[in-house]
Amino acid sequence: MLKVLFADDEPLMLEGLRFLVDWEQLDFEVCGEALDGEDALQLIHRTQPDLVITDVRMPVIDGLELIKTIHESDFVPKFIIISGYADFGYAMEALRYGVSNYLTKPLDEKELTEALHHVAKEIHTERRLASRRESVSAFMQAETVARLLMRENSIAEADEALRELKIHPDSRICCVLAEGPSLDGSNQPYSMKAKEPFDNIAIYPFLAGCHKHGYLLVSPHEGPELDPMIQVSWIYELRTQYSTQVLFSVSREHCGTAFLNTAYLEALGAELCRVDSDNSTISFFQEQNKEHITLLPAGLKKSLLQTVTEGQMDRLDSQLNHVFKIFSAEIHSSSWIDAYLSNIKIELLREIDAKGGEPVIWADKWFPPRVTACCLSLFERQTREDLYEIAEWFASAASKQEDPIVTAALDYVQAHYHEKLKLQDVAKHLQVNAAVLGQRIKKCYGRSFNEFLHQYRIEEAKKLLRRTDMCISDIAERVGYADADLFAAKFKALNGVSPSVYKKG
């Protein structure tokens, strides 16, 4: 249920709010009541309600000041303001802070019910969007970590990825591979950071193949050593979060991010040398495991990715023949091939999302909870089916985007995004119907014109935040937002953090 908090300096009004509607039937529970703004502020921080219904005029801190103060904190609930009289100027100022509704006393049951239905819908929609952003963000981070471990980046890309992940070049690192079903998003091992002796160890999950995943453990150079005792303690703690048995393979500790690939190869070597008769669920890398480590063909992944994302079906057939000829000629284990091909698919998930597709749907197809094919012929058949299907999808997406009107519209947006721009302005410039243009943009990109414009402006703002010392209000104006508060709200909705936090990051 959603939590609601009341704030009003009239006890009779608070009592009336409690009984005016059936809160439980509307999927709300009352979590607190306050007689002034100061008490309301403390209650909001303590109970973290989804909705606050507050009076305009209250002692100590009034309703608007309460909303302003809350918007400067990390937790911001929805607000409905109630007032004994209609004050248009006050209402407009409140709405600038994202207030969901402004109601006048005496409250009407129907009017309040409609306002509650509306705000509940807003909350649930925002939660779904936040969940999707977190899911995509987790995919992208896992893919970034995997690429670092498998040495699939240029030096510049690797440096940028390490900065984004906040991994210092001289950190202590260790790679742990886990064979078995991965933990779902709600059960990732981040909570273990708060437990000793793991409080200074950062944990980065990644995908390493079908039915296989891993964790990169990172400790500051001056932090705890990632020795076998710490490794075993961490795995025992992690293992309690799995519902089935999982086999772990562990690398040695290395000092410096230059050894990321070495750590990954060692963990894989420990897995390949696991003795079937050994009842232990943890396998450590030994020096003699080195002979089982082989490097995959350089440049192969980049070439194959380009072929798939360009939808070149004829070229894909010949290239897959070449790929599997290499795999059969060299001594590559099924674990190697599985990890290599799976990371190609993880990279494709990023491209699918960029094209407006649904990466989660494709991930479910490619990474089902089943045992990986163990022979080369099955690998080849499964890979051909998966890559042919997604190559056709990319080819279809490309053909949809080759709409000359849409292309011209987007060119105009890129040239004029910093101006006060509407769909009607673009349509007038192109001499086409605005409604038709909006439909064609939606068909090609899966989003409305306004959504596309906001996203483009925010992407340009991110560049300015990173590369210049301009203040946030100037950046907002530079990318087309006259209202800095609106800019901040849109930025946070798309990126999960405020512009100021992003700039510091």
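Regarding the stretch 201-217, can at least one residue be identified that is in a strand (DSSP E or B) and without any contact (Cβ under 8 Å) to a residue 24 or more places away in the chain? The answer is yes; a qualifying residue exists.
For (1) basic (Lys, Arg); (2) surrounded by fewer than 15 Cβ atoms within 10 Å (Cβ to Cβ); (3) more than 21 Å from ARG96 (Cα to Cα), each residue gets a yes or a no:
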site: LEU17; (1), (2), (3): no, no, yes
site: GLU24; (1), (2), (3): no, yes, yes
site: VAL30; (1), (2), (3): no, no, yes
site: LEU35; (1), (2), (3): no, no, yes
site: GLN48; (1), (2), (3): no, yes, yes
site: ILE53; (1), (2), (3): no, no, no
site: VAL56; (1), (2), (3): no, no, no
site: ASP62; (1), (2), (3): no, no, no
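None of HIS254, HIS221 is at pLDDT 85 or above, open to solvent by 40 Å² or more (accessible area, probe 1.4 Å), closer than 26 Å to GLU157 by Cβ and over 22 Å from the mean Cα position of the chain (by Cα) except HIS221.
GLU419 - would you say it is closer than 30 Å to SER500 by Cα, assigned to a loop (DSSP other than H, G, I, E, B) and modelled with pLDDT of 85 or more? Taking the combined requirement at face value, the residue satisfies it. Considering only residues in the stretch 67-101 that are more than 33 Å from the chain's Cα centre (by Cα) and hydroxyl-bearing (Ser, Thr, Tyr), the one that is modelled with the highest pLDDT turns out to be SER83. Every condition in (1) hydrophobic (A, V, I, L, M, F, W, C); (2) open to solvent by less than 10 Å² (accessible area, probe 1.4 Å); (3) at pLDDT 90 or above is met by LEU165 except one, and the failing one is (2). Given the criteria within 30 Å of GLY256 (Cα to Cα), exposed (fewer than 13 other Cβ atoms within 10 Å of the Cβ) and polar (S, T, N, Q), does SER154 qualify? In short, yes. Counting the residues of the stretch 448-458 that are under 19 Å from the mean Cα position of the chain (by Cα) and over 17 Å from ASP485 (Cα atoms) gives 3. Restrict the check to the stretch 172-183 and report whether at least one residue is among the hydroxyl-bearing types (Ser, Thr, Tyr), open to solvent by less than 30 Å² (accessible area, probe 1.4 Å) and part of a loop (DSSP other than H, G, I, E, B). No, the conditions are met nowhere in the stretch 172-183. Within the stretch 348-372, can you find the residues that are at pLDDT 75 or above and among the β-branched types (Val, Ile, Thr)? Scanning the stretch 348-372 gives ILE352, VAL360, ILE361. Every listed requirement among (1) at negative phi; (2) modelled with pLDDT under 80; (3) open to solvent by 30 Å² or more (accessible area, probe 1.4 Å) is met by SER342 save one, (3).
Just to be sure I understand, how many residues within the stretch 1-53 are under 14 Å from PHE79 (Cα atoms), out of contact with any strand residue (DSSP E or B) (no Cβ under 7 Å at 6 or more places or on another chain) and not in a helix (DSSP H, G or I)? Total meeting the criteria: 1. The lone criterion from (1) over 28 Å from the mean Cα position of the chain (by Cα); (2) in a helix (DSSP H, G or I); (3) not charged (D, E, K, R) left unmet by TRP393 is number (1).
Is there a residue in the stretch 124-140 that is in contact with a strand residue (DSSP E or B) (Cβ under 6 Å, 6 or more places away or on another chain) and surrounded by 13 or more Cβ atoms within 10 Å (Cβ to Cβ)? Checking the stretch 124-140: not a single residue is in contact with a strand residue (DSSP E or B) (Cβ under 6 Å, 6 or more places away or on another chain) and surrounded by 13 or more Cβ atoms within 10 Å (Cβ to Cβ). Taking the conditions (1) open to solvent by less than 30 Å² (accessible area, probe 1.4 Å); (2) within 27 Å of the chain's Cα centre (by Cα) in turn, GLY438 satisfies each one other than (2). For the stretch 443-491, the set of residues classified as on the phi > 0 side of the Ramachandran plot and in contact with a His (Cβ under 7 Å, 6 or more places away or on another chain) consists of GLY480 only.
The values are calculated or read from the model by the stated rules, or taken from the named source; none is laboratory data. Given the structure is predicted, the values throughout are model-derived calculations rather than measurements. Using ideal geometry, Cβ is built from the backbone for each residue, glycine included, and neighbour counts are taken over all protein chains shown. Side chains are part of the model used for accessible areas, which takes the heavy atoms of the whole protein and leaves out ligands, DNA and RNA. Shrake-Rupley method; radii C 1.70, N 1.55, O 1.52, S 1.80 Å.
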